[in-house]
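Engineer: A single structure is presented below for examination.
A short reminder: the numbers here are calculations on the coordinates, not readings from a lab. Given the structure is predicted, the values throughout are model-derived calculations rather than measurements. Every residue, glycine as well, gets a Cβ built from its backbone with ideal geometry; the counts of neighbours run over all protein chains shown.
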């Protein structure tokens, strides 16, 4: 029996309720939140938008073992000249933490590059809480995050629009940022944290709002967070899936599956997810039409490392459900260049 996808059912129902006050209020709140962002992101006149992802920097200000991480960031930013930077967790692991955050973010702020942050499982283990990090990070110039969403677990959960090059009042793509937590919060369940049901419900509401505003067509979107979904393991193990890059350690995903991947498939907007956490994994794999990707370890000898550090670059193409991606390594090497969806 054919079944209508959940996202389509929701869209059809909402078409009949467009004048409902709660949806109007929600849309207005979202628009006001967009207005609070320091920068308005826009596709360039060529119709592209470039994002650089740095992950697992484990930065300690003043520690010589972090010098190579700074060298990488400077080189990649100068060469790639991105429109946006995303830091995906385990960014600062030294005390005093705020001084380390100041030094690290200065590299993007001085270049006037808009940036977003998602936290990892180690960021709050210094002398600051996750809430304190969110408070001072969102006060930086050029930061795109909001500290928190009322009623939604975690910090700096955001949906960030990228506007059309032709109409700067119209969103043409979306960047989702999620706080994937730190460690299990359920007694008897070991391991790492996950994107919660509250966050998933918030994501569905944001996705649906944007679909409504886009004439009921889901906008192309990317999602950034720290801890990989359980589907990463399933996807890479299935040899019929297109894979590019390496897996040199087991995926440290949560033991329980909260349903984030299913929600993204139902809502039909997210084209790819980009995480960190596992330092020596850098692959991208196609799984049911979604690219599950790691960034590239960007830190250095303050933690365990691959042979060389790097960053993941993603280029969105306006008006297309498509993106290009590659790894940019410290020595300038470009690896694993691909266009998603990857050809069979």
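Engineer: Only counting other Cβ atoms within 10 Å, I'd like 211, 325, 48 sorted with the fewest neighbours first.
Structural biologist: The order, fewest Cβ neighbours first, is 48, 211, 325.
Engineer: Continuing with the same structure: Once you keep just the Cα pairs under 8 angstrom separated by 6 or more residues, what percentage relative contact order results for segment 138-185?
Structural biologist: Relative contact order comes out at 27 percent.
Engineer: Determine the distance separating the Cα centre of segment 48-68 from the Cα centre of segment 271-344; give it in Å without decimals.
Structural biologist: 15
Engineer: Where does the chain land at 222 nm, in deg cm²/dmol rounded to the nearest 500, when only DSSP H runs of n ≥ 4 count, each adding -39500 (n - 2.57), divided by all residues?
Structural biologist: -8500 deg cm²/dmol
Engineer: Which of rounded, prolate, oblate describes segment 252-323, given a ≥ b ≥ c as roots of the alpha-carbon gyration tensor eigenvalues and a/c under 1.5 marking rounded, otherwise prolate only if a/b is larger than b/c?
Structural biologist: It comes out oblate by the Cα gyration axes.
Engineer: Now, a different point. If you average the sequence gap of Cα pairs under 8 Å that are 6 or more apart and divide by the length of the chain, what percent do you get for the contact order?
Structural biologist: Relative CO of the chain lands at 19 percent.
Engineer: Related question: Using Cβ counts within 10 Å as a stand-in for footprinting exposure, how do 93, 302, 333 rank, fewest first?
Structural biologist: 333, 302, 93
Engineer: Between residue 248 and residue 184, with labels modelled 7 Å along Cα→Cβ, what's the label distance in nm to one decimal, could you check?
Structural biologist: Each label point lies 7 Å from its Cα, and together they span 2.9 nm.
Engineer: Which of 216, 178 comes first, and how do the rest follow, when ranked by fewest Cβ neighbours within 10 Å?
Structural biologist: Working: 216 13, 178 29.
Final ranking by Cβ density, sparse to dense: 216, 178.
Engineer: Using alpha carbons only, how many angstrom separate the centre of segment 173-250 from the centre of segment 75-152?
Structural biologist: Between the Cα centre of segment 173-250 and that of segment 75-152, the gap is 20 Å.
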